[in-house]
Amino acid sequence: MSNAKALPLLERSEAPVTAVPCCPPLSERPLTAEEAERTARMFKALGDPVRLRLFSAVASHEGGEACVCDISDVGVSQPTVSHHLKKLKEAGLLTSERRGTWVYYRVEPSVLAAMGQLLAVR
């Protein structure tokens, strides 16, 4: 007799996510110290070529999310890929979800929208 139990699948919300920018556009006014700290963490995380490639791979992957098994071919070892993905998560640029033995990464639409608003020219 098995104790295995089927787990229910969670549906993703289809409601549009509203972007909450970290700061006003850079051309609007000078950033406060707190805004600059948040923004610097984001740019610092993206300042590494491997992290930028991983972020791009996730953002452009079909379905808006990517399994770590699909994006790990960036010229570094798997532990290094995991380290870079962790740094992108800590910066708030990625979210992740474990499914069995794999971890799936996603760039929330609000993150991309907020980044676009930050760099918008007004």
What are the ³J(HN,Hα) values, in whole Hz, obtained from phi via the Karplus relation 6.51 cos²θ - 1.76 cosθ + 1.60 with θ = phi - 60°, for each residue of the stretch 92-109 in sequence order, with x given for Gly and Pro?
x, 8, 10, 10, 9, 8, 7, 10, x, 8, 9, 10, 9, 10, 9, 9, 5, x
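Scaled to the compact-protein estimate 2.2 N^0.38 Å, what is the alpha-carbon radius of gyration of the stretch 33-89, rounded to two decimal places? Walk me through the numbers before you get to the answer.
On the way: Rg = 12.2 Å, N = 57, 2.2 N^0.38 = 10.2 Å.
Output field value: 1.20.
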With each pseudo-label sitting 7 Å past Cα toward Cβ, what's the residue 60-residue 40 distance in nm, one decimal?
3.1
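Sorted by packing (mean other beta-carbon atoms within 10 Å per residue), highest first, where do 81-91, 57-67 land? If you can, show how the numbers build up before the last one.
Values: 81-91: 16.9, 57-67: 15.2.
Packing order, densest peptide first, comes out as 81-91, 57-67.
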Starting from the 7 Å offset along Cα-to-Cβ, what nm value, one decimal, do you get for the label separation of residue 78 and residue 32?
4.5
Give the aspartates and glutamates whose C-alpha is closer than 13 Å to that of residue 89, dropping any in the same chain fewer than 8 places away, or say none.
97, 108
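Where a number appears in this text, it was derived from the coordinates with a stated rule and is not lab data. Because the structure is predicted, anything quoted here is derived from the model rather than measured. A quick note on method: Cβ atoms are made from the backbone with ideal geometry, for glycine too, and the neighbour counts reach across all protein chains shown.
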